[in-house]
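All remarks here apply to the structure that follows.
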Amino acid sequence: MKETNLNFDNYKAGSFYDELFDQNGQAHLHSKPLIDQINALSHKDLRRRQKAAELALHQLGITFSVYGDKKGTEKIFPFDVIPRVIPASEWQNIENGLKQRIEALNLFVDDIYHDKKILKDKIIPQDLILSSKCYLKECEGLNPPRKIWIHITGTDLVRDVDGVFYVLEDNLRCPSGVSYVLENRAIQKRTFPQAFATMNVRRVADYPDHLYDTLKYLAPDHIEKPKIVILTPGIYNSAYFEHAYLAQQMGITLAQGSDLVVENDELMLRTTKGFEKVDVVYRRIDDDFLDPSVFREDSLLGVKGIMNAYRKGNLALANAPGNGIADDKAVYAYVPEIIKYYLGEEPILPNVHTYICEDKKQRDYVLDNLEKLVVKAVNQSGGYGMLIGPKSTRSERESFAEKIKANPRDYIAQPTLSLSRCPTIIGDDIEGRHVDVRPYILYGKSIFVLPGGLTRVALVKGSLVVNSSQGGGSKDTWVLGSEGNS
Amino acid sequence: MLSRVANSIYWMSRYLERADSIARFIDVNLKLILDIALDRENVQWQPLVLASGDEADFFKRYKTLDQKRVVHFLTFDNLNPNSILSCILNARENARTVREIIPTELWETINELYHFIQKYSKKRQKDNLLPLYAQIKASNNVACGLVANAMLRDQALHFLRLGQMIERADKTARLLDVKYFHLLPSPEYVDSPYDAVEWGAVLRSVSAFQMYRKKYHQVNYRDVSEFLIFDPFFPRSINYCVNQALSSLGAITDMTKVDMGAKGEMAKLQQMLLLTSVDKVLAEGLHEFIDIFQFNLNIVDQVIYRSFFELK
């Protein structure tokens, strides 16, 4: 009986915006070749392709260890073979919006650590910035190479029921996930080759080249072949695969804190030949752990003295320390103002409306309407420290209300969005599941937006939380080129 | 290259080689049962424990020594740091830290082998282990092929080869030492039919039987000892391993311009082999000879560590 089910015959888009189907159950024009190819497969065939994709990920060792499991069980980050498709015109708008946003945020960070004009002009309350845990005094007056602070960004976008993309979060520190974009694509191409070939899907494989250019641009001009390294916390970090993968793709050194030492304010690698000078560090450890002599003393991951070497201009760090001030969830609410202030332009991509709990009037509204809102701790990521009002119990709301009253600066609230959905293989059926998407942006000589991104999918029915730590999986994101332009 | 990376590649390679050696030793012993079990009370398992160097650990945790326990101790026991399972786990952890240096397929080969033995270790019925040992040998051959065909001839390759050759020289030496002791307990066995079968097994343990035959045609302990210690062309003889390790050390020294004596120490081992012969070694005591050899091999290992891995 189930034999016929694993295709789109019984698929219901429901009352949400659906990434592949319209409200009448017809495939969007741009996703039709994909739907047709999947519908032409037998039940077993689609299942076989899903299994083959999972096996490939397992063999590549793109796995994470199950915490607390001594038997060494390892799992792959769940991958669904039905891709999400974004047509060229929509993407063009996203790309323009992201470039505008990163340019403005970069100017903002530079201003905050220098003249603070935006605070003096009272566009943003001074307290909100100076009270942030992400404001680093150590960065005041710093001039990073080429005035770029935000080199690598992964911005989370969601689509509401109206089909409009909203920015949900700017990740300006150490955004991860791009390796999944590249590996998912490699596997996806094998899964639906015909649809892929006919739909003019844009390439993502050259991301490492763009990343290398971005990093190289940070080295002083007179250094012809700069020494560039990726700094990783090591193999027990959940993103270690990505660090190794990017190092391998760019052919650069993957270093741990213990491989590096600062001598005379220069950063050195410990090599079999002795010490070797480093010019650029793509660091994948947080600000807090970067330098035990400046930030957390107990950090074993960082390098003592690296901040001093950086301040003296003897090396470049990507991303620059201090960026957290611009992706603080309370500061997020002001990004539209930030864009207007620095660029004199209207934001191309809208924000999700955000209530700042520190503001008394807004806080009162939040406390009165908790069951309708999503409340987030401003300084946490990964889906932790979150209250989803409509799905919460009375006691959860009460305990959150207490937390908000105790530390209003630490919380913001947003209306619950009806995230768009994308068809996903669930057991023996295809069902709609909520998704977001994280495009990756590189800021070097110019701003580059990778035409693709990590689509994360909440595999649990009805769930809006897409984070991998909370039962999320991923999908390939097919950004289509316009006719004759791929 | 990074000191840490060089160290990891060296140990990745040693652990792979170690797993391969143990798999060969057990595999041959299991097959030996088919030849002699009817005549002799039991196939000797104790020498395998002795050759592993972990007999103290074994007797601490196992009351009796028999096939089942020895096989488990050497293959799946995760408390034994030198069991095949532990070695492959360690090879994989080291490979993981150098993923960006080694060919992706090499990582995948080691990763798949790890998942294979993990799965095997969880089987309730482990009565047929021959496919497991066959897989370990096959994977190791694939790994060697990838190293030969896909890696730059740079430091990484030479550290890898250095680890492999030092480990291999050590294992061949141990095997010979232990077997010699056990196979020559009483004069009447020498050159008896059993003797030929058992020494044949020693050769098979290091995949040497066929190559040995080409040169010596018949099996006896003197010729086997000569072949495994001195043969310049057999890839698992001690002499060959020492020469290869020395050549890789030379290449590393040229590339790094660092020489804190590792090459000199290795050259001493080469000299030690050059200045003696099998008859002299057997007359003066094989065990004593191998003891000195291993002592000096450990010194080489320590000097390599100080020269290249430990940068203060």
**Message:** List the trypsin sites (Lys or Arg not before Pro) within region B:40-141 that DSSP assigns to loop and that have no more than 16 neighbouring Cβ atoms inside 10 Å.
**Reply:** B:R40, B:K63, B:K122, B:K123, B:R124, B:K126
**Request:** Rounded to the nearest Å, what's the spacing between the alpha carbon centres of region B:194-238 and region B:110-183? Just the number, please.
**Result:** 20
**Kirkwood hydrodynamic radius of the protein assembly as shown, from inverse mean 1/r over distinct Cα pairs, in Å** = 30.1
**Prompt:** Considering only the other residues whose Cβ falls under 10 Å of the Cβ of A:G305, what net charge follows from Lys and Arg at +1 and Asp and Glu at -1?
**Reply:** -3
**Asked** In region A:415-455, which trypsin sites (Lys or Arg not before Pro) are in a loop and have at most 16 other Cβ atoms within 10 Å, using DSSP for the loop call?
**Response** A:K445
**Item:** Candidate lysines for bridging to A:K75, where Cα separation is under 16 Å - those fewer than 8 sequence places away on the same chain excluded
**Value:** A:K51, B:K119
**Fill in**
Here the residues of region A:238-270 whose accessible area is at least 40 Å² smaller with all protein chains than in the chain alone (probe 1.4 Å) are A:Y240, A:Q248, A:L254, A:D259, A:R270
**Complete:** With R₀ set to 22 angstrom, the calculated FRET efficiency between the beta-carbons of B:M255 and A:E266, to the nearest 0.05, is 0.40
**Request:** Calculate the dipole size of chain A relative to its Cα centre from +1 charges on Lys and Arg beta carbons and -1 charges on Asp and Glu beta carbons; express the result in debye to the nearest 20.
**Result:** 700
**Request:** Would you jot down the residues in region B:1-28 that end up with at least 20 Å² less accessible area in the complete protein assembly than in the chain alone, with a 1.4 Å probe?
**Result:** B:M1, B:L2, B:S3, B:R4
**Request:** Please give the net charge around B:D259, taking every other residue with its beta carbon less than 15 angstrom from that of B:D259, where Lys and Arg add +1 and Asp and Glu add -1.
**Result:** +3
**Message:** Show me, for region A:322-333, the HN-Hα J-couplings you get by feeding each phi into the Karplus relation (A = 6.51, B = -1.76, C = 1.60, θ = phi - 60°), rounded to Hz, glycine and proline as x.
**Reply:** x, 4, x, 5, 8, 10, 4, 5, 7, 5, 3, 4
**Top positive-direction residue, dipole computed over chain A with Cβ charges, set A:G234, A:N323, A:V261** = A:G234
**Item:** Environment charge of A:P390, counting only residues whose C-beta is closer than 11 Å and scoring Lys/Arg +1, Asp/Glu -1
**Value:** +2
**Asked** Which whole-Hz couplings ³J(HN,Hα) result when phi for each residue of region B:18-30 is put into the Karplus expression 6.51 cos²θ - 1.76 cosθ + 1.60, θ = phi - 60°, listed in order with x for Gly and Pro?
**Response** 5, 4, 4, 4, 5, 4, 5, 4, 5, 3, 5, 5, 5
**Whole-number percent relative contact order across region A:338-486, with pairs defined as alpha carbons under 8 Å at least 6 apart** = 17
**Prompt:** Taking the convex hull of the alpha carbon atoms in region B:1-150, what volume per residue do you get, in Å³?
**Reply:** 117
**Request:** Would you check the accessible area of B:V197, probe 1.4 Å, heavy atoms only, in square angstrom rounded to 10?
**Result:** 50
**Prompt:** Fully extended, how many nm does the chain gain between A:T198 and A:E398 (0.36 nm per residue separation, minus their Cα-Cα distance)?
**Reply:** 66.6 nm
**Request:** Heavy atoms only, probe 1.4 Å: what % of the accessible area of chain A goes to carbon and sulfur, would you let me know?
**Result:** 48
**Message:** What does the buried accessible surface come to for B and A, summed over both chains, with the probe at 1.4 Å? Round to 100 Å².
**Reply:** 2400
**For the protein assembly as shown, share of DSSP beta bridges that run antiparallel, in % to the nearest 5** = 75
**Request:** State the answer as a single residue: which of B:T256, B:Y221, B:F234 lies farthest towards the positive end of the charge dipole of region B:152-312, with beta carbon charges of +1 for Lys and Arg and -1 for Asp and Glu, about the Cα centre.
**Result:** B:T256
**Amide hydrogen neighbours beyond the local backbone of A:V85, cut-off 5 Å, H modeled** = A:W478
**Asked** Any idea how far apart B:H287 and A:S15 come out in nm if each label point goes 7 Å out from Cα toward Cβ?
**Response** 8.6
**Asked** Taking accessible area as the heavy-atom solvent-accessible surface of the protein chains with a 1.4 Å probe, which residues of region B:289-312 lose no less than 40 Å² upon going from the isolated chain to the full protein assembly?
**Response** B:L311
**Prompt:** What is the spin-label model distance, in nm, from B:F116 to B:N298 if the labels are put 7 Å beyond Cα along the C-beta direction?
**Reply:** 3.4
**Message:** Using a 7 Å offset from Cα along Cα-Cβ at A:H222, what residues in region A:254-279 end up with backbone N under 15 Å from the label point?
**Reply:** none
**Fill in**
Heavy-atom accessible area of chain B with neighbours in place, 1.4 angstrom probe: carbon+sulfur share in percent works out to 53
**Message:** So, R0 is 41 Å and r is the distance between the beta-carbons of B:K280 and A:H58; what FRET efficiency does that work out to, to 0.05?
**Reply:** 0.15
**Request:** Evaluate the relative contact order of region B:17-160 (contact order divided by residue number), counting alpha-carbon pairs under 8 angstrom at least 6 apart; express in whole percent.
**Result:** 24
**Accessible solvent surface per residue of the protein assembly as shown, calculated while the other protein chains remain in place, 1.4 angstrom probe, Å²** = 43
**Message:** Give me the dipole magnitude in Debye, nearest 20, for region B:1-150 about the Cα centre, with unit charges on the beta carbon: positive for Lys and Arg, negative for Asp and Glu.
**Reply:** 440
**Message:** Within region A:166-294, how many Lys pairs that are eight or more residues apart, or on different chains, come under 14 Å at the alpha-carbon?
**Reply:** 4
**Request:** Let me know the charge dipole size of region A:42-198 about its Cα centre in debye, to the nearest 20, where only the beta-carbon of Lys, Arg (+1) and Asp, Glu (-1) is charged.
**Result:** 720
**Asked** According to the Cα gyration tensor, what semi-axes, each the square root of 5 times an eigenvalue, does the equivalent ellipsoid of region A:342-453 have, listed from largest to smallest in whole Å?
**Response** 29, 24, 13
**Item:** Set of aspartates and glutamates with alpha-carbon distance to A:K32 below 13 Å, sequence-local pairs under 8 removed
**Value:** A:E19, A:D22
**Message:** Can you work out the Karplus-derived ³J(HN,Hα) for every residue in region A:85-96? Use 6.51 cos²θ - 1.76 cosθ + 1.60 with θ = phi - 60°, whole Hz, and x for glycine or proline.
**Reply:** 10, 10, x, 4, 5, 4, 5, 4, 5, 4, 4, 4
**Prompt:** Taking N as the number of residues in region A:355-415, what value does Rg over Cα atoms divided by 2.2 N^0.38 Å take?
**Reply:** 0.97
**Prompt:** How about A:K461: which lysines have a C-alpha closer than 16 Å to its C-alpha, ignoring those fewer than 8 places off in the same chain?
**Reply:** A:K12, A:K391
**Message:** Cut-off 10 angstrom, C-alpha nodes, Gaussian network model of chain B. Which of B:N239, B:N82, B:N141 fluctuates the most?
**Reply:** B:N141
**Message:** Taking amide H atoms as placed 1.01 Å from N in the peptide plane, list the residues 5 or more away in sequence, or in a different chain, whose amide H sits under 5 Å from that of A:S474.
**Reply:** A:F79, A:D80, A:V457
**Prompt:** Expressed as a rounded percentage, what relative contact order does chain B have, with Cα pairs under 8 Å and six or more residues apart?
**Reply:** 22
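The values are calculated or read from the model by the stated rules, or taken from the named source; none is laboratory data. Since the structure is predicted, the reported quantities are computational estimates derived from the model, not experimental observations. Counting neighbours? That spans all protein chains shown, and the Cβs are built from the backbone with ideal geometry, glycine included. Accessible surface is based on the protein model in full, side chains and every heavy atom, while ligands, DNA and RNA are left aside. Shrake-Rupley method; radii C 1.70, N 1.55, O 1.52, S 1.80 Å.
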